[in-house]
1. Could you name the aspartates and glutamates whose alpha carbon sits less than 14 Å from that of residue 61, not counting residues in the same chain fewer than 8 places away?
2. What are the extents of the Cα atoms of region 1-133 along their three principal axes, in Å, largest first?
3. Assign unit charges at the C-beta atoms only (+1 for Lys and Arg, -1 for Asp and Glu), then state the dipole size of the chain relative to its Cα centre in Debye, rounded to the nearest 20.
4. Residue 223: net charge of surrounding residues, Cβ under 13 Å, Lys/Arg +1, Asp/Glu -1, itself excluded?
5. How big is region 160-289 on each of its three principal axes, counting only the C-alpha atoms and giving the largest first in Å?
6. Among 168, 251, 276, flag the residue with its Cα farthest along the positive direction of the charge dipole of region 154-281, charges on Cβ as +1 for Lys/Arg and -1 for Asp/Glu.
7. Could you work out which residue, out of 70, 248, 269, moves most in a Gaussian network model of the chain, that is, has the largest mean-square fluctuation with Cα springs under 10 Å?
8. Given labels modelled 7 Å from the Cα in the Cβ direction, how far is it in nm from residue 150 to residue 231?
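Every read-out reported here was derived from the displayed coordinates using simple, explicitly stated rules and does not represent laboratory data. Because the structure is a prediction, the values reported are computed rather than measured. When we count neighbours, we look across all protein chains shown, and the Cβ atoms used for this are built from the backbone with ideal geometry, even at glycine.
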Amino acid sequence: MLSNIVVASDGSEASDRMIECVLGLARAGTRQVTLVHAFSVRDVGGLYSSLQQFMLPRLEKQAAVLREAGFTVDIQTPLGFPAYELNRIADERSASLIVVGSVGASLAADALLGSTAHSVLQNAAFPILLVRVEMTRESGGQQRWTACQDCFRHILFPTDFSDNAEHAFLYLEHIVRETHAHVTLLHVQDQAKIERHLKHRLEEFNRIDAERLEGMKLRLEQCGAAGVDTEIPYGSPTRIILERARGGAFSLIVMGSQGRGFIHEVLMGSVANNVARLAPVPTLFVPAIRP
């Protein structure tokens, strides 16, 4: 399911660290990588050939790291609109995943890698793995970039039991079969929707949803999960997911990018959008199946 992927790179030191995360995807069955730097037609103009020659050695260096680890690697440097080009290449290569990076807790247009990450997430035709890359300053003022280490150590899977969440769960099952990861299944009873008129039914909702999570837990155990925990807290889904992500226990979030009430004009749900902006760990967003 994840054997063939597309990786967006800007050739920077930050994206070098993102490549280290890609190495870990070998555990999930990744074997083939298309490394892409898409030049924006709005920004490059007649400098495309010169900038392409400047970028290729940087991409070749990253490709060498991947090849040494056993991946088959191809490099592409298209000219166009980055989000469109990444989706186009993923479609042409029959890829199953696009990997993009974002620096720090920002998806702002002026952040390194940020504008591409934001655009790809909002126009996702494929599952997107968003890798957060952080810069820290050591003694002497030296900069140090860090990204993920073992992203399959402990996976957080938030679910609202929507069709999109079930589609994302199929990806989780594949990852667990390949990596035997520990998983926490999280369903947040949305206080904003329940408090005013449905609070008297919260115990009933908890019972029904606990049974749903137990069914999902059994499926993951049959896939070989090292362990499966379940949680049904009450509150704001965005706040609780981010609190769990920031607590340090989890190495990866897997979730659907649209939830209940999704309409096709809205390409990312509000919860997924906030997780993309603020979660400190890599997050795999799986889009809904479109008619």
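1. Qualifying aspartates and glutamates at Cα under 14 Å: 10, 13, 16, 20, 74.
2. 39, 29, 29
3. Once rounded to the nearest 20, the dipole reads 180 debye.
4. Neighbourhood net charge equals 0.
5. Ordered largest first, region 160-289 gives principal extents of 43, 32, 31 Å.
6. Ranked along the dipole, the leading option is 276.
7. Checking each option, the largest mean-square fluctuation is seen for 248.
8. With each label point 7 Å from Cα toward Cβ, the separation is 2.1 nm.
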